[in-house]
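In what follows, a structure is listed as structure tokens, so that the remarks can point back to it.
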Amino acid sequence: MPYPKPSRRSWAEPWKVKMVEPLRLTTREQRERAIAEAGFNTFLLRSEDVYIDLLTDSGTNAMSDIQWSGLMLGDEAYAGSKNFYHLWDAVTEHYGYKYLVPTHQGRGAEHILSKILIKPGDFIPGNMYFTTTRLHQELAGGTFVDVIIDEAHDPAREHPFKGNVDFTKLRKLVDEVGAKKVPYVSIAGTVNMAGGQPQSMGNLRALRDYCSQHHIPIVLDATRAVENAYFIQQREEGYKSKKVAEILKEYCSYTDTCTMSAKKDALTNIGGWLATNDQGLYEEARNLVVVYEGLHTYGGLAGRDMEAMARGIVESVDDDHMRARVGQVEYLGQHMIDWGIPIVRPIGGHAVFLDARAIYAHLPQCQYPAQALAADLYVDSGVRSMERGAVSAGRDSKTGEERFPKLELVRLALPRRVYTQAHMDVVAESVLHVFEQRAGARGLKMIFEPKYLRFFQARFEKV
Ligand SMILES: *Cc1c(COP(=O)(O)O)cnc(C)c1O
């Protein structure tokens, strides 16, 4: 194919490569063996057997030379490490909360928060569930209630802010159970399970008004809030000329508390935090972190990891970084759209989500079409993706019935600053090949099912 004459000026990443990590190329036979040994679960593959790893954007980021040099400045004191204070300053400056408790990763913060705020019998409304978030809410005795707008459940529906809360659904819940039984509203921006879709500033502002009237706090899952801020800049009236950093701070200002997986936006390989404006909650979290994570000035992390996080936060709110980060996801997703491959629209912030229900339309959902598609993609090219459908949704905690969500997706998550545009071309072409072979695809049967978060360790065989 001849190279098309460019009709525009291209953008490129605001960094260059200083060190490379060789990748192993495998044969189709090797990959067929590897996926069978892994029980057709991409989580159970050895990373050595993977060529391009799009399993997750969690902890897979490439750190900058500034972050790496920060590792050498780790102050590994048990208490009062100077890196903790650097982290404190970075979080309070860029996210705007008053108090900070570091945790080893996001779920550490979710655990502590759920234990403090949720009583058995409570209901926690949120803009779509996240696996670990909901599990901690349930383990604390709460019930998660989805109050996201309907558009979020329809992969083909275009909407600039599919992460928005539907106030009719929220009002209905609060009217039914009473505000006293709603310890907080659980908000994520962007919404991972909806396909990395953002929430608008207007929607969160309106939620703030509603929650203030009913004395219900808002807890933000800030894992990808910087990506959310970038989408607000691109799509929402009145934010074009504002910096991502400014938008992030305004966004967080409408919430009371946040939990964070720093393994995503904050450009690190490990880390997380709980941050809040509520002094009482802070005191309790400081108490519990000692039980479950470590002292309140390290929360299960080494001093050097806190330093990398503090520096990563500063880099993550840079407009040029975000442009390249989300731009790469859009580059990959646009290939799928151009080639007629069904994906979640619009393209999300951290990943391209293939609509496995549409691609493998001949497979019933009880044969886990998304799990099967992820396995087939791996066999085709060594590209590792993951299932976000019935396997991830698990079972209802009360009835034990399998949940069959409307979204049956395969996620191609892009690690930040790791792969090149050429890697994206290889991925796109492999997806196209699997798409063209779809008529011959077979479903899967689950032969081993763990009790919690089954998608991580479940095993399958071909039906
Ligand atoms: C990854 C993630 C979490 C959990 O964080 P971990 O660091 O993996 O424990 C919570 N919420 C969202 C939206 C996530 O993507």
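The values are calculated or read from the model by the stated rules, or taken from the named source; none is laboratory data. Please read all numbers here as calculations on a predicted model, not as lab measurements. For neighbour counting, all protein chains shown are included, and Cβ atoms are generated from backbone atoms with ideal geometry for every residue, glycine included. Heads up: the accessible areas ignore ligands, DNA and RNA and are worked out on the full protein's heavy atoms, side chains in. Shrake-Rupley method; radii C 1.70, N 1.55, O 1.52, S 1.80 Å.
Overview of values
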{"read-out": "Table column - 3J(HN,Hα) (Hz), region 432-446, Karplus curve with 6.51, -1.76, 1.60, x for Gly and Pro", "value": "4, 4, 4, 4, 5, 8, 4, 4, x, 6, 10, x, 10, 10, 7"}
{"read-out": "Longest DSSP-loop-exposure-free segment, GluC sites (Glu not before Pro), the chain, at most 11 other Cβ within 10 Å", "value": "238-400"}
{"read-out": "Alpha-carbon Rg/Rh ratio, for region 410-463, with Rh computed the Kirkwood way", "value": "1.10"}
{"read-out": "Low-density loop positions, trypsin sites (Lys or Arg not before Pro), region 77-139 - DSSP coil, at most 14 other Cβ in 10 Å", "value": "98"}
{"read-out": "Over region 119-208: Kirkwood hydrodynamic radius from C-alpha pairwise inverse distances, Å", "value": "13.2 Å"}
{"read-out": "Kirkwood Rh (inverse of mean 1/r, distinct Cα pairs), region 44-170, angstrom", "value": "18.5 Å"}
{"read-out": "Dipole in debye (nearest 20) - region 65-316, about Cα centre, beta carbon charges: Lys, Arg +1; Asp, Glu -1", "value": "200 debye"}
{"read-out": "Options 56, 79, 91, ranked by Cα towards positive dipole end of region 38-95, top entry (Cβ charges)", "value": "79"}
{"read-out": "Backbone HN-Hα couplings from phi across region 124-139 [Karplus 6.51/-1.76/1.60, Hz, Gly and Pro as x]", "value": "10, x, x, 7, 6, 6, 10, 3, 6, 4, 5, 4, 5, 5, 6, 5"}
{"read-out": "Accessible area of the chain belonging to carbon and sulfur atoms, whole % at 1.4 Å probe", "value": "52 percent"}
{"read-out": "Where the Cα pairs of region 349-463 fall when distances are cut into 5 Å bins, in %", "value": "2, 12, 22, 24, 18, 12, 7, 3, 1, 0"}
{"read-out": "DSSP-assigned coil residues among trypsin sites (Lys or Arg not before Pro) in region 1-33, each with at most 14 further Cβ atoms within 10 Å", "value": "8, 9, 16, 18, 24"}
{"read-out": "Proximal lysines relative to residue 119, as straight alpha-carbon distance under 18 Å, when same-chain residues fewer than 8 apart are discounted", "value": "180, 181, 398"}
{"read-out": "Antiparallel DSSP beta bridges within region 65-316, as percent of all bridges there, nearest 5", "value": "50 percent"}
{"read-out": "Å² per residue, accessible surface of the chain at 1.4 Å", "value": "43 Å²"}
{"read-out": "Cβ charges +1 (Lys, Arg) and -1 (Asp, Glu), total dipole of the chain, debye", "value": "360 debye"}
{"read-out": "Hz values of 3J(HN,Hα) by residue in region 388-405 - Karplus curve (6.51, -1.76, 1.60), Gly and Pro given as x", "value": "10, x, 5, 5, 5, 5, x, 10, 4, 5, 8, 8, x, 6, 5, 8, 10, x"}
{"read-out": "Among beta bridges that DSSP assigns inside the chain, antiparallel share in %, nearest 5", "value": "65 percent"}
{"read-out": "Mean separation of Cα contacts under 8 Å, 6 or more apart, over the residue count of the chain: relative contact order %", "value": "23 percent"}
{"read-out": "Two-decimal Rg to Rh for region 246-287 - Kirkwood Rh, Cα set", "value": "1.03"}
{"read-out": "Region 227-332 pair-distance distribution - Cα-Cα, 5 Å bins, rounded %", "value": "2, 11, 18, 20, 18, 14, 8, 6, 2, 0"}
{"read-out": "Distant-in-sequence amide H partners of residue 148 (H built 1.01 Å from N, under 5 Å)", "value": "128, 166"}
{"read-out": "Value at 222 nm in deg cm²/dmol, rounded to 500, when DSSP H runs of n ≥ 4 in the chain each add -39,500 (n - 2.57)", "value": "-12000 deg cm²/dmol"}
{"read-out": "For region 65-316, with +1 on Lys and Arg beta carbons and -1 on Asp and Glu, the positive-most of 290, 217, 132 along the dipole", "value": "217"}
{"read-out": "Value of Rg to Rh for the chain (Rh from inverse mean 1/r over Cα pairs, i.e. Kirkwood)", "value": "0.95"}
{"read-out": "Reference-scaled alpha-carbon Rg (2.2 N^0.38 Å with N residues) for region 65-316", "value": "0.97"}
{"read-out": "Residue range of the chain that is longest and free of chymotrypsin sites (Phe, Trp or Tyr not before Pro) which are both DSSP loop and sparsely packed (at most 12 other C-beta within 10 Å)", "value": "79-451"}
{"read-out": "Qualifying lysines (Cα of each under 30 Å from Cα of residue 243; at least 8 residues distant if same chain)", "value": "16, 18, 82, 98, 162, 263, 264"}
